Amino acid sequence: MSRLFERVKVRDVEMRNRTVVSPMCMYSAVDGKLTDFHLAHLGRFAMGGAGLIFVEATGVSEEGRITHGDSGLWNDEQMEPLKRIVALLKSMGATPGIQLAHAGRKASCHRPWEGDGPILESDKKPGEDPWQTYSSSAIPWADGWHTPKAMDEKDMEKVRNDFLAAAKRALACGFEVVEMHNAHGYLLQSYLSPIANQRNDQYGGSLENRMRFPLSVAKVLRDFWPKEKPMFVRISSVDGIEGGFTIEEAVTYAKELKKLGVDVIDCSSGGQPGKMNLRSALGYQVPFSREIKHGADIKTMAVGFIIDAHQANKIVEEESADFIALAREALNDPQWFFHAEQELGQAPEGNPYEEWPVQSAFWLEKRKKTLDRLTAAVN
Ligand SMILES: Cc1cc2nc3c(=O)[nH]c(=O)nc-3n(C[C@H](O)[C@H](O)[C@H](O)COP(=O)(O)O)c2cc1C
């Protein structure tokens, strides 16, 4: 029995295995509303055996989106397609989660395939105006980017209320897991990172001060989110830049999140501008997950170039993470999860397709028997 494919329970939510589809913006929503594309996109992972499936970064407010194509949950109309997605994922045995987000100073951008970067008056598409962005300090993410407003107490209160309102809608949609997006240079990470955060009030300077606002958002979310259901927080474990947020700070932050009742730290990295000293390699963020898991004594999720079943299982067996998230590899093979189970020799004896949707399993089993017979005849 592989650790990767054992059932796992966090609070009262039981997941069929430890695999996760990482949140992935598709930049294809219409006025924040997901479409049939998203239903098919996420549904294929559920049909492929994933344990927990996150809906992409979902803006808690209009100004909190990265692009005009982002998912949102700032009004009730945005709930209908999410309810359909939740129902589909559950019907296929997967656990539905949603990542709630505010893009901060990286908001008001073009979709990646439409040029990325900030929307300018000179290059905006009809009906797709740029908007005022927000951050801890009034420093643009890069030259030529929008200058964000440095948030005051009122702005921070609005963000807390927006996260709460979005979480209420997410719960009403039937989501089992909520994740607070606190990574990648977006709003909440712009407080943690000393590169983005140049404040000299009680929200800037020392780590205690830099943690204050994101912790206050986490508290509002955790206090609301039902005690039977898990809450994850995705962090950038390090900025990976000289003078940036460090792994030691991440461990301290994780300890504070744990005190609030956060269940799992989703260990990503990066997102601030500057020369990164992080080298992309297979499983390159796993050491962060390991350090946070043991340093803060909390469950973690590892992500980043995890592509192989044995690699994924080893990460769990070595106690470097409790969950394994895939993004691009899941796009590459939406049935990665069932395939991985077979590769680890854990698929049901006799019929390795038993857990697949019967509509496929029936034919695949027949196909396998025929292939086995044909191969034996050739040999
Ligand atoms: C198309 C795409 C969209 C992404 N959108 C999000 C997102 O909405 N929220 C987030 O936290 N990370 C996002 N990421 C990062 C992934 O969740 C993941 O952390 C990263 O791609 C590394 O995992 P991988 O090597 O398995 O792709 C995105 C990545 C991709 C490729």
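Residue by residue through segment 176-210, note down the ones that are part of a loop (DSSP other than H, G, I, E, B) and within 15 Å of the ligand (Cβ to nearest atom). Outline the logic, then answer.
Of all residues in segment 176-210, those part of a loop (DSSP other than H, G, I, E, B) come to 176, 183-188, 193-206.
Residues satisfying the conditions are Ala183, His184, Gly185, Tyr186, Leu187, Leu188.
Evaluate the following for Leu39: is it within 19 Å of the chain's Cα centre (by Cα) and away from the ligand (no atom under 16 Å from the Cβ)? Reasoning before the result, please.
Values: within 19 Å of the chain's Cα centre (by Cα): yes; away from the ligand (no atom under 16 Å from the Cβ): yes.
It is true that Leu39 is within 19 Å of the chain's Cα centre (by Cα) and away from the ligand (no atom under 16 Å from the Cβ).
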- Message: If I ask for residues that are surrounded by fewer than 20 Cβ atoms within 10 Å (Cβ to Cβ) and within 16 Å of the ligand (Cβ to nearest atom), which ones from segment 20-32 would you list?
- Response: Met24, Met26, Tyr27, Ser28
- Message: With the structure loaded, tell me whether Asn17 is buried (at least 21 other Cβ atoms within 10 Å of the Cβ) and modelled with pLDDT of 95 or more or whether it fails that test.
- Response: yes
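Okay, residues lined up against (1) under 22 Å from Gln359 (Cβ atoms); (2) in contact with a strand residue (DSSP E or B) (Cβ under 7 Å, 6 or more places away or on another chain); (3) among the hydrophobic types (A, V, I, L, M, F, W, C); (4) at pLDDT 95 or above:
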| site | (1), (2), (3), (4) |
| --- | --- |
| Leu42 | yes, yes, yes, yes |
| Ser61 | no, no, no, yes |
| Ile66 | no, yes, yes, yes |
| Lys83 | no, no, no, yes |
| Pro96 | yes, yes, no, yes |
| Leu100 | no, yes, yes, yes |
| Arg105 | no, yes, no, yes |
- Message: Would you confirm whether or not segment 113-125 contains a residue that is surrounded by fewer than 24 Cβ atoms within 10 Å (Cβ to Cβ), hydroxyl-bearing (Ser, Thr, Tyr) and more than 30 Å from Val264 (Cα to Cα)?
- Response: yes
- From the option list Leu42, Leu4, Leu82, single residue qualifying as farther than 20 Å from Asp266 by Cα and among the hydrophobic types (A, V, I, L, M, F, W, C) is Leu82
- Among strands (runs of 3 or more DSSP E) entirely inside segment 220-318, those with 2 or more residues being away from the ligand (no atom under 12 Å from the Cβ) are 264-268, 299-303
- Task: Give me the pairs, please: first residue somewhere in segment 296-317 and without any contact (Cβ under 8 Å) to a residue 24 or more places away in the chain, second residue anywhere and within 13 Å of the ligand (Cβ to nearest atom), beta-carbon distance under 6 Å, and either six or more positions apart or on two chains.
- Result: none
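The values are calculated or read from the model by the stated rules, or taken from the named source; none is laboratory data. Just so it is clear, the model here is predicted, and its values are computed rather than measured. Glycine gets a Cβ as well: all are built from the backbone with ideal geometry, and neighbour counts include every protein chain shown.
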